[in-house]
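Working notes, structure below.
Read-outs throughout are calculated quantities, based only on the coordinates presented, and are distinct from any laboratory measurement. For clarity, every value in this text was computed on a predicted model and none was experimentally measured. A quick note on method: Cβ atoms are made from the backbone with ideal geometry, for glycine too, and the neighbour counts reach across all protein chains shown.
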Amino acid sequence: EAGVAQSPRYKIIEKRQSVAFWCNPISGHATLYWYQQILGQGPKLLIQFQNNGVVDDSQLPKDRFSAERLKGVDSTLKIQPAKLEDSAVYLCASSTTEQYFGPGTRLTVT
Amino acid sequence: AQSVTQLGSHVSVSEGALVLLRCNYSSSVPPYLFWYVQYPNQGLQLLLKYTTGATLVKGINGFEAEFKKSETSFHLTKPSAHMSDAAEYFCAVSYSGGYQKVTFGTGTKLQVIP
């Protein structure tokens, strides 16, 4: 069974630029999550999808972050414009009863 | 609201010694509890989980954890540490209702000394 795929693995951008991350969940998993993991901290949920609908985006900074999950499968997370404090690893996970995580995208904002 | 507290951001043990990583949770409803491991530059991997039933849960790589409702704890143990256990460990809590929002602790980095 293929795992959760994410791309790119690494990204370096300057502040005020935009960036997008892609996630392909495990086939058949209806729930998809995006987490932000800042160095030295646990993952923080940014947004949770059930199929292509949003069920929790309470911690998503909506002035700069956006996410979509078209057709209830793949998802993209976008940051525009990026700030220095957005430097983190962005993890995607999908689940039925337990979460399976992708390898993450390490974002560095300079 | 649910939350997780992991005591000790760094734990060092000698190879072959007991590993004990502490986790306490807060949840207003019966919790689901998880331990994840994260190796450098990798995503999180599920070690074990408690949902219902037996309170002593066995996971992969020889780890186990015991759900103690009276102590609101879910500590992770392994009888004998191996060098390959060096990683960061995260405790997490969810619950049976709703859309399974998972709240993670801040993590404990385990160092294994040869």
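Look at the alpha carbon pairs under 8 Å that are at least 6 residues apart: their mean separation over the length of chain A gives a relative contact order of 37 percent.
Peptide B:25-37 shows a mean partner chain C-beta count of 1 within 10 Å per residue C-beta. Relative contact order (percent) for region B:1-106, with alpha-carbon contacts under 8 angstrom and 6 or more residues of separation? In percent, rounded to a whole number, it is 35. For the peptide B:101-113, the mean number of other protein chain Cβ atoms found within 10 angstrom of a residue's Cβ is 3. Work out the charge dipole of region B:1-88 with +1 on the Cβ of Lys and Arg and -1 on the Cβ of Asp and Glu about the Cα centre, then indicate which of B:GLY43, B:ILE60, B:SER73 is farthest towards its positive end. Sorting the options by dipole projection puts first B:SER73.
Starting from the Cα of B:GLU64, step 7 Å toward the Cβ, then list every residue of region B:4-29 with an amide N under 19 Å from that point. Once the point is set 7 Å along Cα→Cβ of B:GLU64, B:16-23 turn out to lie under 19 Å by backbone N, inside region B:4-29. In the structure shown, do any of A:LYS44/B:LYS68; B:LYS58/B:LYS109; A:LYS71/B:LYS101 have a Cα-Cα gap over 24 Å, and if so which? Cα-Cα > 24 Å for A:LYS44/B:LYS68; rest within. 3J(HN,Hα) couplings calculated from phi for region B:49-63 with the Karplus curve 6.51 cos²θ - 1.76 cosθ + 1.60 (θ = phi - 60°) are, in sequence order, 8, 10, 10, 9, x, 4, 7, 9, 10, 9, x, 7, 6, x, 7 Hz; Gly and Pro show x.
The local environment of A:PRO103, defined by Cβ-Cβ distances under 14 Å, has a net charge of +3 under the rule Lys, Arg +1 and Asp, Glu -1. Both numbers refer to the Cα atoms of region A:34-85; Rg and Dmax are 11.5, 35 Å.
In this rough spin-label picture, where each label sits 7 Å from Cα along the Cβ direction, the A:GLN80-B:SER84 distance is 4.5 nm. On the basis of the beta-carbon distance and an R0 of 25 Å, B:LYS109 and B:LEU18 show a calculated FRET efficiency of 0.90.
Charge dipole of region B:7-114 (Cα centre as origin; +1 on each Lys and Arg Cβ, -1 on each Asp and Glu Cβ, all else neutral): 240 debye, rounded to the nearest 20. Quote the Stokes-Einstein diffusion coefficient, in whole µm² s⁻¹, for the protein assembly as shown, based on the Kirkwood radius over alpha carbon pairs, a temperature of 20 °C and a viscosity of 1.002 mPa s. Diffusion coefficient, whole number: 119 µm²/s.
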